[in-house]
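One structure is given here, and the rest of the page talks about it.
The values are calculated or read from the model by the stated rules, or taken from the named source; none is laboratory data. Keep in mind that what you see is a predicted model, and the values were worked out from it rather than measured. Here Cβ is always computed from backbone atoms with ideal geometry, including for glycine, and neighbour counts include all displayed protein chains.
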Amino acid sequence: MTAPRVLVLDADPLPRLDRIAGRAEVLHSDADSLAKRLPEADVLLVWDFTSDAVRHAWPGEGPRPRWVHTASAGVDRLLFPELIESDAMITNARGVFDRPIAEYVAGLVLALAKDFHGSWEAQREHRWQHRETAKVHGSKALVVGSGPIGRRIGAMLQTLGVVVELVGRRARVRDPAFGRVHAADSLPELLPEADWVVCAAPLTTATTGMFDADAFALMRPTARLINIGRGAHVVADDLAEALRAGRLAGAALDVFDEEPLPAGSPLWDVPGLMVSPHMSGDTFGWRDDLAEQFLDNFDRWLAGRPLFNVVDKKLGYVPTEDT
């Protein structure tokens, strides 16, 4: 029996795939050679998950991999018509980033509420400036996205005493952790009550641009927005305008339409906006965790067992009872 071929769309550093030595042939590709190598592969590992190479290389002649795995939670870069309509199965890295991202969001909430940035600036200027800061306990957070990342964020904020409302694609009652889950069309009613609005939704047609001028107009002037989902969830120009006009107290963006964020982008200098370089889920050893997850799924694939983290290509995410 011919060993299956695993094609890796490379990023630096390469994944550790020693466990499949002798059971599969591992091929490597960059963006330029991907189209040529795709017909050779049974499995495509999108290790460079920031690349759009698959979108450009997939259409064309010849066979295509039967299974595509992306080392990311979001799959929006793979949801192009040719792949959606193909027989290829997509899996993702659901589960690897949940806790690290929740810790990151909790850190942002504490930092923003306690004005750590103001303390750092005053220290740099050798200026003693006593201030009062906001309470976190008893504040209200609206977490948009009821998948594993959104739920873990909500649970961690609850440990800080934050009252959490969770928003998903559809409404559900009697949620064991949050009491209930609100439907996405409830956002206009929920936004005016939130001190913290956290976007952890998958990027779909319905969620693109969901945080725009209309949404910001509904939010409290003391509220803050945190986006760890995708850059396209937020209309950045509208957010910048709201912050400059003082209609929002602050925001933190970890994701952007264009990454890396260009040095000349005006977002770097928007008052009250904290910019981070798409790092909320990246803790020491995260690449090893991603590789191990793929290898576990590869063992299942080789044994003919059902894969985990199978994406519904029409919905754009891994469906669960909670989403």
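Any idea how many residues of segment 207-246 are surrounded by fewer than 16 Cβ atoms within 10 Å (Cβ to Cβ) and among the basic types (Lys, Arg)?
The qualifying residues number 1.
Looking at segment 247-258 only, could you name the residues that are acidic (Asp, Glu) and buried (at least 16 other Cβ atoms within 10 Å of the Cβ)?
254
Looking only at segment 57-94, which residues are at positive phi and either surrounded by 18 or more Cβ atoms within 10 Å (Cβ to Cβ) or touching a strand residue (DSSP E or B) at 6+ places or on another chain (Cβ under 7 Å) (or both)? Give the derivation first.
Going through segment 57-94, the residues at positive phi turn out to be 60, 62.
If the condition is that a residue be at positive phi and either surrounded by 18 or more Cβ atoms within 10 Å (Cβ to Cβ) or touching a strand residue (DSSP E or B) at 6+ places or on another chain (Cβ under 7 Å) (or both), then no residue fits.
I'd like the full set of residues that are without any contact (Cβ under 8 Å) to a residue 60 or more places away in the chain and under 23 Å from residue 73 (Cα atoms), limited to segment 27-46. Spell out the reasoning first.
Pass one, segment 27-46, residues without any contact (Cβ under 8 Å) to a residue 60 or more places away in the chain: 27-42, 44, 46.
Listed by number, the residues that qualify are 28, 29, 30, 31, 34, 38, 41, 42, 44, 46.
Does residue 289 fit the bill of being over 18 Å from the mean Cα position of the chain (by Cα) and outside the structural domain of residue 142 (by TED's automatic domain parsing)?
It is false that residue 289 is over 18 Å from the mean Cα position of the chain (by Cα) and outside the structural domain of residue 142 (by TED's automatic domain parsing).
If you check 267, 261, which single one turns out to be assigned to a loop (DSSP other than H, G, I, E, B), surrounded by 14 or more Cβ atoms within 10 Å (Cβ to Cβ), in contact with a strand residue (DSSP E or B) (Cβ under 9 Å, 6 or more places away or on another chain) and not assigned by TED's automatic domain parsing to the domain that holds residue 21?
Values: 267 fails: assigned to a loop (DSSP other than H, G, I, E, B).
Just one listed residue meets the conditions, 261.
Tell me which residues, restricted to segment 95-129, are outside any helix (DSSP H, G or I) and loosely packed, with under 13 Cβ neighbours inside 10 Å.
Answer for segment 95-129, where residues must be outside any helix (DSSP H, G or I) and loosely packed, with under 13 Cβ neighbours inside 10 Å: 125, 126, 127, 128, 129.
Quick check: anything in segment 231-238 in the same structural domain as residue 255 (by TED's automatic domain parsing) and on the phi > 0 side of the Ramachandran plot?
Filtering segment 231-238 for residues in the same structural domain as residue 255 (by TED's automatic domain parsing) gives 231-238.
If we keep only those that are on the phi > 0 side of the Ramachandran plot as well, we get none.
Within segment 231-238 (the criterion being in the same structural domain as residue 255 (by TED's automatic domain parsing) and on the phi > 0 side of the Ramachandran plot), the answer is no, since none of the residues qualifies.
Based on what the data block shows, is residue 248 touching a strand residue (DSSP E or B) at 6+ places or on another chain (Cβ under 9 Å), of a type outside the set (Phe, Trp, Tyr) and either in a loop (DSSP other than H, G, I, E, B) or in contact (Cβ under 8 Å) with a residue 60 or more places away in the chain (or both)?
Working: touching a strand residue (DSSP E or B) at 6+ places or on another chain (Cβ under 9 Å): yes; of a type outside the set (Phe, Trp, Tyr): yes; either in a loop (DSSP other than H, G, I, E, B) or in contact (Cβ under 8 Å) with a residue 60 or more places away in the chain (or both): yes.
Considered against the rule, which asks whether it is touching a strand residue (DSSP E or B) at 6+ places or on another chain (Cβ under 9 Å), of a type outside the set (Phe, Trp, Tyr) and either in a loop (DSSP other than H, G, I, E, B) or in contact (Cβ under 8 Å) with a residue 60 or more places away in the chain (or both), residue 248 comes out as yes.
Filtering segment 1-19 down to residues that are of a type outside the set (A, V, I, L, M) and assigned to a loop (DSSP other than H, G, I, E, B), which residue is farthest from residue 282 (Cα to Cα)? Before you say what the answer is, go through the steps one by one.
First, the residues of segment 1-19 that are of a type outside the set (A, V, I, L, M): 2, 4-5, 10, 12-13, 15-16, 18-19.
From the residues that got through so far, the ones that are assigned to a loop (DSSP other than H, G, I, E, B) too are 2, 4, 10, 12-13, 15-16.
Numbers: 2: 37, 4: 31, 10: 18, 12: 14, 13: 14, 15: 15, 16: 17 Å.
My answer is 2.
Being under 30 Å from residue 102 (Cβ atoms), surrounded by fewer than 20 Cβ atoms within 10 Å (Cβ to Cβ) and without any contact (Cβ under 8 Å) to a residue 24 or more places away in the chain, is that true of even one residue in segment 3-21?
Among the residues of segment 3-21, at least one is under 30 Å from residue 102 (Cβ atoms), surrounded by fewer than 20 Cβ atoms within 10 Å (Cβ to Cβ) and without any contact (Cβ under 8 Å) to a residue 24 or more places away in the chain, which makes the answer yes.
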